[in-house]
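Chemist: I'd like to ask some things about the structure below.
Each reported figure results from applying straightforward, stated rules to the coordinates on display, with no laboratory input. All figures in this text were calculated on a predicted structure; none of them were measured in a lab. Glycine gets a Cβ as well: all are built from the backbone with ideal geometry, and neighbour counts include every protein chain shown.
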Amino acid sequence: MATWLKKGSDAEQVKSDDRKVRDTVEGILADIETRGDAAVRELSVKFDKWDRDSYRLTDAEIDACMGQLSERDISDIAFAQEQVRNFAQHQRDSIKDIEVETLPGVVLGHKNIPIGAAGCYVPGGKYPLLASAHMSVITAKVAGVPRIVTCAPPFQGKPAPAIVAAQHMAGADEIYCLGGIQAIGAMALGTQTIAPVDILIGPGNAFVAEAKRQLFGRVGIDLFAGPTETLVIADDSVDGEICATDLLGQAEHGPDSPAILLTTSEKLARDTMAEIERLLAILPTADIARKAWEAYGEVIVAESDEEMVRIADEIASEHVQVMTRDPDYFLNHMTNYGALFLGARTNVAFGDKVIGTNHTLPTKKAARYTGGLWVGKFLKTCTYQRVLTDEASAMVGEYCSRLCALEGFVGHGEQANVRVRRYGGRNIPYGAAAE
């Protein structure tokens, strides 16, 4: 039986906070839909202190941002983007169109068609998270999306040079310096100057996530995303310092980011808790990380690897760092996770920034039913059918006629019957079913 040495925040408080966010977002989206650019400008001034005639960056502004980065900066961004592009291309190559003759004269198939326009949000108000540009824009590009729009908020009162460079190098067609609900609403609903997109992609704060949730259906979205989550699964083959580092490395995302240690070693659990306190005294982002750890951090001691798998699948964390003697045991047995990071040599930051897998991942237990962002998210798998012979049309028509009669759908049945009459030479009274 597992023991909790530390538990996270009260679930009812989380629900209360969610309700407040929901109400705020609903009102703002309605205003954007009604007033378009005017509402977007007012919101940008109110929340980001950012006002200009057009929020779309010009080629000259993009070049100026590129010019503020060193050759090393550009090279590092290019390296990360190449890793993301390479893995995305392998994913795309694995997705095939199919066409098969399932019965004599009956041909079924599907085509994978790129979505027409994608809106990619790149968070950047607190930290300039340029990696989100790689993950969204490049993945959409590899899928073949013809129009890619990006939005990122101003950073310290101006476009963040690194984000702009990453958006441009990734291949964005339109780059806007616009943040928050106003960016999401503008991309999804459209304004007088911003044409709407078909799908919204990218992480963000609680307001961005809620805006995407409320707009789902009018547009597609990648995921119902919440605060960054990390779960470290470890045994006594590692020490408290590395566990504490990996927990705090994700807790710095925000004060509501859950960070959980799950271990079979009580000694490691207590060592990790002590190391967390030591590191919080020197970590430059400790103000945020401490709030997250105190409110949402958990430490769980389990009796076995089997029990750790069961608990981990119940948690269904976004990021799962496995540092045990046999990390493949968790790869082979776990089913609910956004991404696995297997062994002490890798870590969540590698996946977040550079290694090539996508960092837009399911949170709030969504890993129970979906994986993370990938090339397939930008493709519509659309089916088609073709009947080649009179005999095939009449044969399928007879089955269809009788099945429609079982459901009482006379009009549907007549669609089948007219083919049976025409191509099979059968005399079926109107409204009757084939015998």
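Chemist: What is the helix-to-structure angle for 206-215, meaning the angle in degrees between its Cα long axis and the longest Cα principal axis of the chain, kept from 0 to 90 and rounded to the nearest 10?
Modeler: In the chain, helix 206-215 runs at an angle near 10 degrees to the longest axis.
Chemist: So, one more: For the chain, what does the helix formula give at 222 nm: sum of -39500 (n - 2.57) over DSSP H segments with n ≥ 4, over the residue count, nearest 500 deg cm²/dmol?
Modeler: Counting only the DSSP helices, I get -14500 deg cm²/dmol.
Chemist: While we're here: For the chain, with only Lys/Arg (+1) and Asp/Glu (-1) charged at the beta-carbon, what is the dipole magnitude about the Cα centre, in debye rounded to 20?
Modeler: For this selection, approximately 1300 debye.
Chemist: Which of Gly424, Gly356, Gly338 moves most in a GNM of the chain, Cα contacts under 10 Å?
Modeler: Between Gly424, Gly356, Gly338, it is Gly424 that shows the largest mean-square fluctuation.
Chemist: Follow-up. Specify the residue with the greatest mean-square fluctuation among Gly397, Gly67, Gly204, computed from a Gaussian network of the chain linking alpha-carbon atoms under 10 Å apart.
Modeler: Gly397
Chemist: Quick one: grab the alpha carbon gyration tensor of region 361-429, order the square roots of its eigenvalues as a ≥ b ≥ c, and give me rounded if a/c is under 1.5, else prolate or oblate depending on whether a/b is larger than b/c.
Modeler: Working: a/c = 5.33, a/b = 2.53, b/c = 2.10.
The shape class here is prolate.
Chemist: Moving on to the next point. How high is the FRET efficiency from Arg270 to Arg147, r the C-beta distance, R0 45 Å, rounded to 0.05?
Modeler: Values: r = 54 Å, r/R0 = 1.19.
For Arg270 and Arg147, the calculated efficiency is 0.25.
Chemist: Nearest 10 degrees, 0 to 90: what angle lies between the long axis of helix 240-251 and the longest principal axis of the chain (Cα atoms)?
Modeler: Approximately 60 degrees, to the nearest ten.
Chemist: Continuing with the same structure: Does region 19-137 classify as rounded, prolate or oblate by the C-alpha gyration tensor (a ≥ b ≥ c root eigenvalues; a/c under 1.5 gives rounded; else a/b over b/c gives prolate, otherwise oblate)?
Modeler: Note, shape of region 19-137 comes out oblate.
Chemist: Relative to the Cα centre, what is the charge dipole magnitude of region 227-361, using +1 at the beta carbon of each Lys and Arg, -1 at the beta carbon of each Asp and Glu, and rounding to the nearest 20 debye?
Modeler: Value, rounded to 20: 400 debye.
Chemist: Further question on the same structure: Angle check, please: helix 305-315 long axis (alpha carbons) against the longest principal axis of the chain (alpha carbons), in degrees 0 to 90, nearest 10.
Modeler: So the inclination is approximately 70 degrees.
Chemist: Express in % the proportion of alpha carbon pairs of the chain at distances exceeding 43 Å.
Modeler: When all Cα pairs of the chain are counted, 27 percent exceed 43 Å.
Chemist: Note down, for region 284-394, the three equivalent ellipsoid semi-axes (square root of 5 times each alpha carbon gyration tensor eigenvalue), biggest first, whole angstrom.
Modeler: On the way: eigenvalues 306, 72, 42 Å².
Value: 39, 19, 14 Å, ordered largest first.
Chemist: What size of dipole, in debye to the nearest 20, comes out for region 288-435 about its Cα centre when the only charges are +1 on Lys and Arg C-beta atoms and -1 on Asp and Glu C-beta atoms?
Modeler: Charge dipole of region 288-435: 780 debye, to the nearest 20.
Chemist: Just want the answer: with Cβ charges of +1 for Lys and Arg and -1 for Asp and Glu, which residue in Ala434, Thr34, Ile148 is farthest toward the dipole's positive end in the chain?
Modeler: About the Cα centre, the residue reaching furthest to the positive side is Ala434.
Chemist: Report for region 27-172 the percent antiparallel among DSSP-assigned beta bridges with both residues inside it, nearest 5.
Modeler: Values: 6 of 11 bridges.
Close to 55 percent.
Chemist: Something else about it: In the chain, what percentage of the DSSP-assigned beta bridges are antiparallel, given to the nearest 5?
Modeler: That works out to approximately 35 percent antiparallel.
Chemist: Given Gly217, Gly372, Thr228, which one lies farthest toward the positive end of the charge dipole of the chain, if we put +1 on the Cβ of every Lys and Arg and -1 on the Cβ of every Asp and Glu?
Modeler: The Cα lying farthest towards the positive end belongs to Gly217.
Chemist: How large is ³J(HN,Hα) for each residue in region 77-90, as worked out from phi by the Karplus curve 6.51 cos²θ - 1.76 cosθ + 1.60 (θ = phi - 60°), to whole Hz, x for Gly and Pro?
Modeler: After applying 6.51 cos²θ - 1.76 cosθ + 1.60, I find 4, 4, 4, 4, 5, 5, 5, 5, 5, 4, 5, 4, 5, 4 Hz.
Chemist: Would you calculate the separation in nanometres between label points at Thr389 and Ala195, each defined as 7 Å from the Cα along the Cα-to-beta-carbon direction?
Modeler: If labels sit at Thr389 and Ala195, their model points lie 4.7 nm apart.
Chemist: So, one more: Checking the table Lys126/Lys212; Lys20/Lys364; Lys49/Lys353; Lys212/Lys364; Lys20/Lys365; Lys20/Lys212 against a 26 Å threshold on Cα-Cα, which pairs fail?
Modeler: From the list (Lys126/Lys212; Lys20/Lys364; Lys49/Lys353; Lys212/Lys364; Lys20/Lys365; Lys20/Lys212), the Cα-Cα distance tops 26 Å for Lys49/Lys353.
Chemist: Next up: Using +1 at the C-beta of Lys and Arg and -1 at the C-beta of Asp and Glu, which of Ile276, Gly297, Ala286 has the Cα lying farthest in the positive direction of the dipole of region 231-318?
Modeler: The listed residue farthest towards the positive side: Ala286.
Chemist: Something else now. Quick check: residue separation of Phe224 and Glu99 times 0.36 nm, minus the Cα distance between them. What number comes out in nm? Present the calculation step by step, with values, prior to reporting the outcome.
Modeler: On the way: separation 125, 0.36 × 125 = 45.00 nm, distance 3.32 nm.
Gain in length upon complete extension: 41.7 nm.
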